[in-house]
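See structure below.
The values are calculated or read from the model by the stated rules, or taken from the named source; none is laboratory data. Keep in mind the model is a prediction, meaning the values are calculated, not measured. Ideal geometry is used to build each Cβ from the backbone, glycine not excepted, and the neighbour counts take in all protein chains shown. The area values use the complete protein model at the heavy-atom level, side chains included, leaving out ligands, DNA and RNA. Shrake-Rupley method; radii C 1.70, N 1.55, O 1.52, S 1.80 Å.
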Amino acid sequence: MTITSMLPSKEKRAAKKRRSSIRQDKRWANNLVNGWLIFFAICCVVPMIWLILAPTKTDGQLSNQNPLAFGKLSGYVKAWKNLQFFDDGVIGRWAINSIWYTAAIVLIATVTASLAGFVITASNIRFKKAFLISTLITMLVPPVALVIPMFVLVNSIHLLDNPWGVILVSSLYPFGAFLSYIYYSTTIPKELYESARLDGCNDFQLYSKIAFPLSWPLLSLLAFFAFVGNWANYFMPYVLLPSSENYTLPLGLGFLFHGTPAINPAVGATSVPIGKPEIALAGVLVAVPIMIVFMLSQKRLVRGMLAGSIKS
Amino acid sequence: MAKVKRYKYRNTAMYLMLAPYMAFLIGFGLIPIVMAVFEVPQKSLTNQNGGWDAFKIVVHDFRFMPAARHVLGFMAIFVPLMLFFVLAMALMLDLDAGKWKKYVRLAYIVPASISGAVAVLVWYVILQPTISPIKMILRWLHITQAQQIWQTQNLVFILSLMAFFTAAGQWILIQYGSLQSVSHEIIEAARVDGCNPFQLALRIKLPLISKYVVYMGVLVFAGGLQIFVEPQILNQSVYQGIASAWSFDQLSYELAFTTGDFGGASALSILLLIPSLLGALIVIFKTDMFDDATTLHRKKVKKHGKMKRAEALS
């Protein structure tokens, strides 16, 4: 028997009304929250949609048409051809530079960090704690903080304006080393190493035959963070690579702003046909690869950033 | 004897595998700081006698206080906005488990790819009344020319918005992930005790994810302090002169590459490194975020000792 069934019918009706009004309030609040979540999602995607659509239009259409209208797909081809007029097609060089610098950094950083994490969990070497704490400190201090000191160092070892200067400096990957330490210490039981040792594995084989084949989830996580951290990196290459032929795409985009009147009112009229669609295409080349990787690896982002504190 | 040899060999191989990472850690993590410290007392145009006065000279530089005002103003908006907004959004996402929310989460990650030069381009467009996707709103605010917005005194707000827009989405997902670690039993128990969703968020969920909030706070603070790319591109390549030596890092860059004062630039870098280092130490030692790493050794020694004792007893 419920409490309301004992109440006189007038009070029963009032209680029913109250319950329904609470329910309505709850539904209204829920709709409000969900509406806000969707509104913010729209705010998040609109700028990217504008950026992707911009190269399909002409400069005039960008000003006159609906900002989210679609122009012509051939606009992409035209914008790319126009970009070739800037510094003898240096944009192609920037794209190749971006790809090869990032690929080299991802490869070197992933391998060195994975090996470091393995050694810390599988060996009995000394100073493990000092290693882990210095790795954590380096991981939590933004790399930008060391740019000027890094310039002094790279200059003194004669790697200034040399791609290897940026590649080597950016290959320091403390976050990766920490992730791989967490991965190996939570997924590979120590007994596995012990039995492999008893079967005659040396330490190199311990990594290559036991740890490495079990590391694919870790390696993909390391490669993901190394890629997103370096593809759009601006400050380090900006300081260490002064020559425009060594630029990456993000640096090149800044250079395009500087050297063309597309969005820089201080530059007068030029014969180079670079307008807003061309600049937007260069922006697409920087942003879209990283967006695709982010969207495909959403779970990796969360898992990686919370590694070490949430085991599941 | 043979056992000792094998032990030594094993460690040599391990050290060899660790060597590349250690070389990077020492070479590009530690040595630059040491070099910066040695660079500070070198003679320069501003510090003609050399010595540690470089710190005093850089703090008394006429551009230091404006840069401090800009960066502190930026941080005063950006950091609390991030913390409040990200946590509120993560808690809202966590209210119930609608299937459609996975698409919303996917959308939230998109702005993470709009950073640096691309962020400048996108915000140039958003705040340009002729081509903006929000031109209706700009018109409603009586903004008909970009110059009405792009003023040095407005940069604190514009740059806060830019940084917020890039970083908020990914942190919402990360904090939503941290909320998934709160056990269902605790949530259910609180609900049975009469907690409404608001009380559940404030009294149960937030305290349980507080270490992640500190972690985020430190990373957001350290990142914000080092703001460089956006004001630098704006100043150099879009609206020239709008943000000259606007941030600490820009001042440091200008000291080094315009006046050749590497001592002053290094002194400023070291001054900026201190709060970041303190933040890092707080996260490592004052929260249990990285407990596994910082207490690993002690735990292992204890465990090893216990095992030995157990073996001896048996």
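How many residues, within segment B:222-233, are buried (at least 23 other Cβ atoms within 10 Å of the Cβ) and outside any helix (DSSP H, G or I)?
2
Has segment B:108-115 got any residue that is touching a helix residue (DSSP H, G or I) at 6+ places or on another chain (Cβ under 8 Å) and outside any helix (DSSP H, G or I)?
Scanning segment B:108-115 turns up at least one residue that is touching a helix residue (DSSP H, G or I) at 6+ places or on another chain (Cβ under 8 Å) and outside any helix (DSSP H, G or I).
Out of segment A:188-205, which residues are out of contact with any Lys or Arg (no Cβ under 7 Å at 6 or more places or on another chain) and in contact (Cβ under 8 Å) with a residue 40 or more places away in the chain?
A:Ile188, A:Lys190, A:Tyr193, listed by residue number.
State yes or no: is B:Arg309 at pLDDT below 90, within 11 Å of chain A (Cβ to nearest Cβ), surrounded by fewer than 21 Cβ atoms within 10 Å (Cβ to Cβ) and more than 30 Å from B:Pro32 (Cβ to Cβ)?
When the stated conditions are applied, B:Arg309 does not pass them.
Of a type in the set (A, V, I, L, M, F, W, C) and facing chain B (nearest Cβ under 7 Å): does that describe A:Ile167?
In short, no.
For segment B:119-134, how many residues are facing chain A (nearest Cβ under 7 Å) and open to solvent by 10 Å² or more (accessible area, probe 1.4 Å)?
Residues meeting the conditions: 4.
Name the single residue, out of those in segment A:14-38 being facing another protein chain (nearest Cβ under 10 Å) and closer than 30 Å to A:Ala69 by Cβ, that is least open to solvent (accessible area, probe 1.4 Å).
Among those residues, the one meeting the criterion is A:Leu37.
Among the residues of segment B:139-161, what is the count of those that are at pLDDT below 95, open to solvent by 70 Å² or more (accessible area, probe 1.4 Å) and farther than 10 Å from B:Ala243 by Cα?
8
Scan segment A:72-96 and report the pairs whose first residue is closer than 18 Å to A:Asn246 by Cβ and whose second residue is outside any helix (DSSP H, G or I) and modelled with pLDDT under 95, with Cβ atoms within less than 6 Å and a gap of 6+ or a chain change.
A:Phe86/A:Val272; A:Phe86/A:Ile274
Return yes or no: is B:Val182 closer than 30 Å to A:Arg23 by Cβ and touching a helix residue (DSSP H, G or I) at 6+ places or on another chain (Cβ under 6 Å)?
Yes, satisfied.
Considering only residues that are free of Cβ contacts under 8 Å to residues at least 40 places away in the same chain and more than 7 Å from chain A (Cβ to nearest Cβ), which ones fall in segment B:23-48?
Matches in segment B:23-48: B:Ala23, B:Ile26, B:Gly27, B:Leu30, B:Val34, B:Phe38, B:Gln48.
Of the residues B:Ser132, B:Ser115, which single one is of a type in the set (Ser, Thr, Tyr), closer than 22 Å to B:Val79 by Cα and out of contact with any Asp or Glu (no Cβ under 6 Å at 6 or more places or on another chain)?
Going through B:Ser132, B:Ser115 in turn, the sole match is B:Ser115.
Of the conditions (1) surrounded by 23 or more Cβ atoms within 10 Å (Cβ to Cβ); (2) more than 9 Å from chain A (Cβ to nearest Cβ), B:Tyr212 satisfies every one except a single condition; which number is it?
Among (1) surrounded by 23 or more Cβ atoms within 10 Å (Cβ to Cβ); (2) more than 9 Å from chain A (Cβ to nearest Cβ), the lone unmet condition for B:Tyr212 is (2).
Since B:Gln236 meets every condition but one in (1) within 25 Å of A:Thr260 (Cα to Cα); (2) more than 8 Å from chain A (Cβ to nearest Cβ); (3) open to solvent by 40 Å² or more (accessible area, probe 1.4 Å), which condition does it not meet?
With (1) within 25 Å of A:Thr260 (Cα to Cα); (2) more than 8 Å from chain A (Cβ to nearest Cβ); (3) open to solvent by 40 Å² or more (accessible area, probe 1.4 Å) applied to B:Gln236, the lone miss is (2).
Can you tell me which residues in segment A:104-121 are within 9 Å of chain B (Cβ to nearest Cβ) and surrounded by fewer than 24 Cβ atoms within 10 Å (Cβ to Cβ)?
Of everything in segment A:104-121, those that are within 9 Å of chain B (Cβ to nearest Cβ) and surrounded by fewer than 24 Cβ atoms within 10 Å (Cβ to Cβ) turn out to be A:Ile108, A:Val111, A:Leu115.
Keeping to segment B:73-84, report how many residues are touching a residue at least 24 places away in the same chain (Cβ under 8 Å) and open to solvent by 30 Å² or more (accessible area, probe 1.4 Å).
3
Please go through segment B:51-72 and give me each residue that is among the basic types (Lys, Arg) and open to solvent by less than 60 Å² (accessible area, probe 1.4 Å), ordered by number.
Residue satisfying the conditions is B:Arg63 alone.
Anything in segment A:273-292 that is buried (at least 17 other Cβ atoms within 10 Å of the Cβ), closer than 21 Å to A:Gly92 by Cβ and among the aliphatic types (A, V, I, L, M)? List them, or say none.
The answer is A:Ile274, A:Ile279, A:Ala280, A:Leu281, A:Ala282, A:Val284, A:Leu285, A:Val286, A:Ala287, A:Ile290.
So B:Gly116 ticks every box in (1) under 21 Å from the mean Cα position of the chain (by Cα); (2) at positive phi; (3) open to solvent by 20 Å² or more (accessible area, probe 1.4 Å) but one. Which box is left unticked?
(3)
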